[in-house]
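> Quick one: the structure is below, and I'll ask about it shortly.
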Amino acid sequence: MLNPRLIEQFFGAASIQRWNDYPRMVELVELDKQAHKFIIAYFLAQMEAKDSINMVNMIEAGIFEFLRRVVVTDIRPDVFRKALQKKEKEINAWVLAQLYDSLSDIENGAFYERFKKYLSDSSMYKKERFILKAASYMATRWEFSIVYQTSQFLNNIDRVKEAVEEEIEDYYELIGVRKMEMNKKISKIIDLSGRLRFQKRWAQTPRIPETSVLGHMLIVAIMGYFYSLSIKACDKRMENNFFCALFHDFPEALTRDIISPVKYSVSGLDDIISEFEIKMIEEEILPYLPEGMVSTFKYLLGLYGDNQKDEFMNRINENGIEMVHDLSRYNEDKYNAIDGEALKNCDRIAAFIEATLSISHGVKSKELIQGKEHIRHKLKEKGKMGKADFYELAMEIENYLGV
C-alpha cells in the first residue's frame, strides 16, 4: 500500500508551521490546513451540478498537491506561487526527484506517472483543481481570521487582510463559495471541522510531533485511499473510503476526543457516548447540510437503523444499507461500498505511527508505550486483509524509524 518513508513525509506536515512570521494564539500547521481544505472541497464539490466533479480525481489531485507541499516546506505559500510562475518546470522536476523512491512502487509506477503528468499538464483534472484552489483559499482565510486577532498592531496587516478578502472573487462561480461567503448554514459545518485542529491527539501525554484530530482524520483518509488503490477498488468505493475516513472523527467537534482507556474503562460508557454522539449529529450537524446531502453524509458517518452508529462496519448501500463481511463481490459503483474494517485498521496504524514517531524522537511516556503495544496486538490479530497486511506495514514503520 505505502512505504514508511512516504508515511513519514505525510506526518512531516504536522511540523510545518503556517503564518509563523505573525503572532498566533494557537499553532497552525500544514497538516491541519490540508485536512480542512479537503473537507471544504468535499462540500464545494457536492454543491456543484451532479456528476460535474469527478470525486476520485479530486482526491488524487489533492494528494498530489499535498505531496508537493510537504517537499517544498521552506517557501512561504505566496512566494511559492510567484516562484511557480517563473520556475515551475524546475521546481516540479526537483519535487519528482525527491519523491521518486517513495512513490515509484505504488501501482507499479502508475501513481508516480499520474503525479508527473499532473505537475506538467494544467488541463489534467481541471475542474477538480479549481475546487481545490477554492477550498485552499477558504481554509487559508479561516486561519487568517485567527491570525488577524493578534496581529492588528502590525503596520501591514490590513494590506494582507485586503489581499485575502479580494481573492474570494476568483471563486464566485462556485455555488458553495457564494453560500459560505453569505454565511449560510454550511458555514457552521466548515467552522466545526476547523475547530478540530484545536483538539490534540493523545491529549494526556506529550508527543513529537503533536497531531490534532483534524490532521489525524486526513492521515487515515490518505491511508484509506492507498488501501483502495491496492485492492483495485471501483471509483465509488474509493471515494467512499476516503471521505468516510476523512469524517470518521468529525462528531468529536461536538463531543471532544475521548481516549480509548477512558471510553472503555467503565462498562456501558461507550454506549452512552455513542448515543450522545448520535444526538449531537442529529441536532448540530445534519440540519446545516445542503439539501440532498443528509442521507449521503449519514451513510459516510456510519449512521443506520434506529439510532445506531458504526463508521467502521463493512457496508453497501444499493437498496438500503446492508452489513457485508466480504466486499470483494460488491466492487461496482452501484453497490456504494465502504471498507469499514480496513478503515479501522487505517485508524489503528495512524495511531501506531503517532506513538512510534514520538518515541523515535525520544519523547515517550508509559501511556505511549502501552498504547503502541495495544495497537500492535490489535493489528497482529486483525490487520491481515487479503493481500493488504497492516501488521506487516506497522513492523516496517517500526524498523524504518529504528524503534
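> Give me the percent of accessible area attributable to carbon and sulfur for the stretch 1-159, probe 1.4 angstrom. Intermediate values should be presented prior to the final figure.
Numbers: 3450 of 7350 Å².
The computed percentage sits at 47.
> Could you check which residue among LEU154, LEU218, LEU44 shows the biggest mean-square fluctuation in a GNM of the chain with a 10 Å Cα cutoff?
LEU154
> Using the charge dipole of the stretch 106-204 (Lys, Arg: +1 at Cβ; Asp, Glu: -1 at Cβ; taken about the Cα centre), state which of LEU196, VAL160, SER145 has its Cα farthest towards the positive end.
Result: LEU196, furthest along the dipole toward the positive end.
> Which value, in debye to the nearest 20, gives the size of the charge dipole of the chain about its Cα centre, when Lys and Arg are +1 and Asp and Glu are -1 at the Cβ? Before the final figure, lay out the partial values.
Values: 56 positive and 63 negative charges, 139 e Å.
Once rounded to the nearest 20, the dipole reads 660 debye.
> Based solely on its DSSP helices, what 222 nm [θ] is calculated for the chain when runs of n ≥ 4 H residues each add -39,500 (n - 2.57) and the sum is averaged over all residues, nearest 500 deg cm²/dmol? Intermediate values should be presented prior to the final figure.
On the way: 18 runs with 247 residues, N = 403.
Computed mean residue ellipticity for the chain: -19500 deg cm²/dmol.
> Okay, next question. Roll a 1.4 Å probe over the protein chains and send me the accessible area per residue for the chain in Å². All intermediate terms of the calculation are to be shown ahead of the outcome.
Working: 18870 Å² over 403 residues.
Here the per-residue accessible area is 47 Å².
> Also, I was wondering about something else. Going toward the positive end of the dipole of the chain, with +1 on Lys and Arg Cβ and -1 on Asp and Glu Cβ, which of ILE375, PRO287, ASN20 do you reach last?
The listed residue farthest towards the positive side: ASN20.
> Where in the stretch 1-74 are there trypsin sites (Lys or Arg not before Pro) that are in a DSSP coil and have at most 14 other Cβ atoms within 10 angstrom of their Cβ? Don't skip to the end; give the middle numbers.
On the way: sites: ARG5, ARG18, ARG24, LYS33, LYS37, LYS50, ARG68, ARG69; in loops: ARG18, ARG24, LYS50.
Within the stretch 1-74, the qualifying trypsin sites (Lys or Arg not before Pro) (loop, at most 14 other Cβ atoms within 10 Å) are LYS50.
> Find the percent of Cα-Cα distances in the stretch 1-145 that exceed 20 Å, and round it to a whole number.
Numbers: 5282 of 10440 pairs.
In whole percent, the long-distance tail amounts to 51.
> Rounded to the nearest percent, how much of the accessible area of the stretch 272-343 (1.4 Å probe, protein heavy atoms only) is carbon and sulfur?
On the way: 1630 of 3750 Å².
Carbon with sulfur: 43 percent of the solvent-accessible area.
> Carbon-plus-sulfur fraction of the accessible area of the stretch 214-259, 1.4 Å probe, in percent?
On the way: 450 of 1010 Å².
Using a 1.4 Å probe with all protein chains present, the stretch 214-259 comes out at 45 percent carbon and sulfur.
> Probe 1.4 Å, all protein chains in place: accessible area of LYS236 in Å², nearest 10?
Taking all protein chains as shown, LYS236 has close to 60 Å².
The values are calculated or read from the model by the stated rules, or taken from the named source; none is laboratory data. Just so it is clear, the structure is predicted and the values come from calculations on it, not from any experiment. Every residue, glycine among them, receives a Cβ derived from its backbone with ideal geometry; neighbour counts consider all protein chains shown. For the accessible areas, the whole protein counts, side chains as well, though only heavy atoms, and no ligand, DNA or RNA atoms are used. Shrake-Rupley method; radii C 1.70, N 1.55, O 1.52, S 1.80 Å.
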